[in-house]
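K.L.:
Below is the structure I would like to discuss, written out as structure tokens.
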Amino acid sequence: MHEMSLAMGLMREIERQLEPYGPEARATRVFLEVGGLRAVVPEAMQLCFRAAAQGTVAEGAELVIEQIAPRGRCVGCGREREIDHRLFLCPDCDLPVRLLTGEELLLRSIEIEEPERKGHK
Amino acid sequence: MRFDRAEAARFHRGHGKPPGHAHPEHPDPAQVARHAEVSSTPGGPAGATGTADDTEAERSATGARREIEVRFDLLDENRRHAASIRERLREAAVFAVNLMSSPGAGKTALLEVTLPRLGSTRAAVLEGDIETSADAERLAPFGVPVVQINTGPFGGDCHLPAPLVADAMEKLPLAEIDLLFIENVGNLVCPAEFDLGEARKVVLLSVTEGEDKPLKYPLIFRESSLALITKTDLLPHLDFDLPRLEENLRRVNPELKVVQLSTRSGEGLEEWLKWLADERGKATHLTE
Ligand SMILES: Nc1nc2c(ncn2[C@@H]2O[C@H](COP(=O)(O)OP(=O)(O)OP(=O)(O)O)[C@@H](O)[C@H]2O)c(=O)[nH]1
Ligand SMILES: [Mg+2]
Ligand SMILES: [Zn+2]
């Protein structure tokens, strides 16, 4: 389990991103893209996120995890398909399938809340 | 300190630093400048999971909300450290091999039989463990520099992260080393996620572990250049389907080289040593 170290890295980036918006800005929702091949368990990530967020600008924020299905393209026939059952071999050509998606671990966006009448520069 | 360790510890046995107190890196201006504002708030992507936030109504009443696009890769920070390690290793002409496996697959045993057989190649070892220095002590008799890295105190106890490896490398006389072994923490999942700046990743899988491991944990087998199937001396006593394991390995990584090895019988040792020498040769050739 390395969700805790990921959550801590995530929190550092959220704080860095919110810095220009002033001390009162808060993160209210955090959108994360997680590829299906990443060893990240959503429930564990939620728990670690909540724990790591305490005392930060993201305390109480909602973590929205979008899971991305692994897809790849065969080096032989060029056909693109979903990689199911962890098969990285093209069923038609028996050649390697190059990964297109499935390895994401991306903080995509943050919903921030700023106090009224206090827009950022 | 408001960090809820008890809750986190249910999933993670580490002693995480409270994030509010972790010394934040200096904000990277390039990253701050990457702020791109998204006009509206999407209602959450399809297939998304999340927990309802019970303070949400209260919060939306108090201020203006907007969504900022970030596109920050969570592994970037580790990757930056790995890149600087790779650069230091290249400058010092050190070939680094990251050994990964479940606990007890035979990483230290492999080092015990490898270190005396390296001839004029000067080796060193970084020993990753959660708490103890037992493995480093096992390697002390071989007279090569060994640096112990304990991950327990760093909230990342299941794998070696690049920053810890970078710190440990400071204790090694890199100029006097040709080959660096990094024995990762015993774990088949997490080490695969963290680049350490090594030249090659090697995964060990013992014949006592089951043929389906590559399908269950594909990442570690996909990241590795070589898989060592260890403890093959035990095969006569086991109901282990070696051809099926090899097929599963090929399914997740058709380019993975596979060597069967036993530190007891010596099977595969020559092939492993030859692989090491060949790969080191290739790497040195590339940088010259
Ligand atoms: N039969 C047999 N036993 C082996 C072999 N290699 C290692 N072992 C035994 O397996 C056990 C674990 O070996 P280690 O080398 O400590 O394994 P490790 O991967 O370093 O373990 P951790 O560092 O705890 O993750 C020890 O009791 C070894 O003696 C082998 O080739 N054959
Ligand atoms: Mg060991
Ligand atoms: Zn094909």
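K.L.:
Of B:LYS213, B:LYS201, B:LYS274, how do they rank once you tally other Cβ atoms within 10 Å and put the fewest first? Walk me through the numbers on the way to the answer.
P.N.:
Working: B:LYS213 20, B:LYS201 23, B:LYS274 11.
Lowest count first: B:LYS274, B:LYS213, B:LYS201.
K.L.:
Follow-up. Show the residues, 5+ positions off or on another chain, whose built amide H is closer than 5 Å to the amide H of B:GLN260.
P.N.:
Those lying under 5 Å, H to H, from B:GLN260 are B:ILE229.
K.L.:
How about B:LYS216: which aspartates and glutamates have a C-alpha closer than 19 Å to its C-alpha, ignoring those fewer than 8 places off in the same chain?
P.N.:
A:GLU3, A:GLU43, A:GLU82, A:ASP84, A:GLU103, A:GLU104, B:GLU193, B:ASP241, B:GLU246, B:GLU247, B:GLU255
K.L.:
Let me ask something else about it. Compute the projected area of the convex hull of the Cα atoms of chain A, averaged over all viewing directions, and report it in nm² to one decimal place. All intermediate terms of the calculation are to be shown ahead of the outcome.
P.N.:
On the way: hull surface 36.6 nm².
Across all orientations, chain A yields a mean hull projection of 9.2 nm².
K.L.:
Quick one: helix A:3-18 against the long Cα principal axis of chain A, what's the angle to the nearest 10°, folded into 0 to 90?
P.N.:
50
K.L.:
Tell me the Kirkwood radius of region B:76-287: reciprocal of the mean inverse pair distance over distinct alpha-carbon atoms, in Å. Can you show the working numbers first?
P.N.:
On the way: mean 1/r = 0.0579 Å⁻¹.
Kirkwood hydrodynamic radius for region B:76-287: 17.3 Å.
K.L.:
While we're here: Give me B:THR121, B:THR108 ranked fewest to most by other Cβ atoms within 10 Å of their Cβ, as a rough exposure proxy.
P.N.:
Working: B:THR121 15, B:THR108 20.
By the 10 Å Cβ count, ascending, the order reads B:THR121, B:THR108.
K.L.:
Exactly which GluC sites (Glu not before Pro) in region B:134-193 are in a DSSP loop and have at most 12 other Cβ atoms within 10 Å?
P.N.:
Those that pass, being in a loop and sparsely packed, are B:GLU170.
K.L.:
Which residue, A:LEU107, A:LEU87, A:LEU63, tops the fluctuation ranking in a GNM of chain A built on C-alpha contacts under 10 Å?
P.N.:
Per the Cα network of chain A with a 10 Å cutoff, A:LEU87 tops the list.
K.L.:
From the C-alpha gyration tensor of region B:148-229, pull out the three semi-axes of the equivalent ellipsoid (sqrt of 5λ each), sorted largest to smallest, in whole Å.
P.N.:
After scaling each eigenvalue by five and taking roots: 25, 16, 11 Å.
K.L.:
What residues have an amide H closer than 5 Å to that of A:LEU95, excluding those fewer than 5 places away on the same chain, when H is modeled at 1.01 Å from N in the peptide plane?
P.N.:
Those qualifying (amide H under 5 Å, at least 5 residues apart or on another chain) are A:CYS90.
K.L.:
Once you order the gyration tensor axes a ≥ b ≥ c over the Cα atoms, which shape class does region B:226-271 get: rounded for a/c under 1.5, otherwise prolate or oblate by comparing a/b with b/c? Kindly include the intermediate steps, with their values, before the conclusion.
P.N.:
Numbers: a/c = 3.74, a/b = 1.33, b/c = 2.82.
In terms of gyration-tensor shape, oblate.
K.L.:
At q = 0.13 Å⁻¹, what base-10 log of I(q)/I(0) does the Debye formula yield for region B:84-197 when every alpha carbon is treated as an equal point scatterer in vacuo?
P.N.:
For region B:84-197, the Cα-only Debye profile gives -0.44.
K.L.:
Separate question: If you take every residue apart from B:VAL146 with its C-beta less than 15 Å away from the C-beta of B:VAL146, what net charge results, scoring Lys and Arg +1 and Asp and Glu -1?
P.N.:
Working: positive: B:LYS107, B:ARG122, B:ARG138, B:LYS171; negative: B:GLU112, B:GLU127, B:ASP129, B:ASP135, B:GLU137, B:GLU170, B:GLU176, B:GLU183.
Local net charge: -4.
K.L.:
May I ask you to sort A:CYS77, A:CYS48, B:CYS190 by Cβ crowding, counting other Cβ atoms within 10 Å and putting the fewest first? Before the final figure, lay out each step's value.
P.N.:
Details: A:CYS77 11, A:CYS48 29, B:CYS190 24.
Fewest-to-most ranking of A:CYS77, A:CYS48, B:CYS190: A:CYS77, B:CYS190, A:CYS48.
K.L.:
If I model a spin label at A:ASP94 and B:SER120 as a point 7 Å from the Cα along the Cα→Cβ vector, what separation in nanometres do I get?
P.N.:
The answer from the label model is 4.5 nm.
K.L.:
At 1.002 mPa s and 20 °C, plugging the Kirkwood radius over alpha-carbon pairs of region B:179-284 into Stokes-Einstein gives what diffusion coefficient in µm²/s? Show your work: numbers first, answer last.
P.N.:
Numbers: Rh = 14.4 Å.
Estimated diffusion coefficient is 149 µm²/s.
Here, each number is a calculation from the coordinates, and none is a lab measurement. Values in this document were obtained by computation on a predicted structure and should not be read as measured data. So basically every Cβ, Gly included, is an ideal-geometry build from the backbone, and we count neighbours across all protein chains shown.
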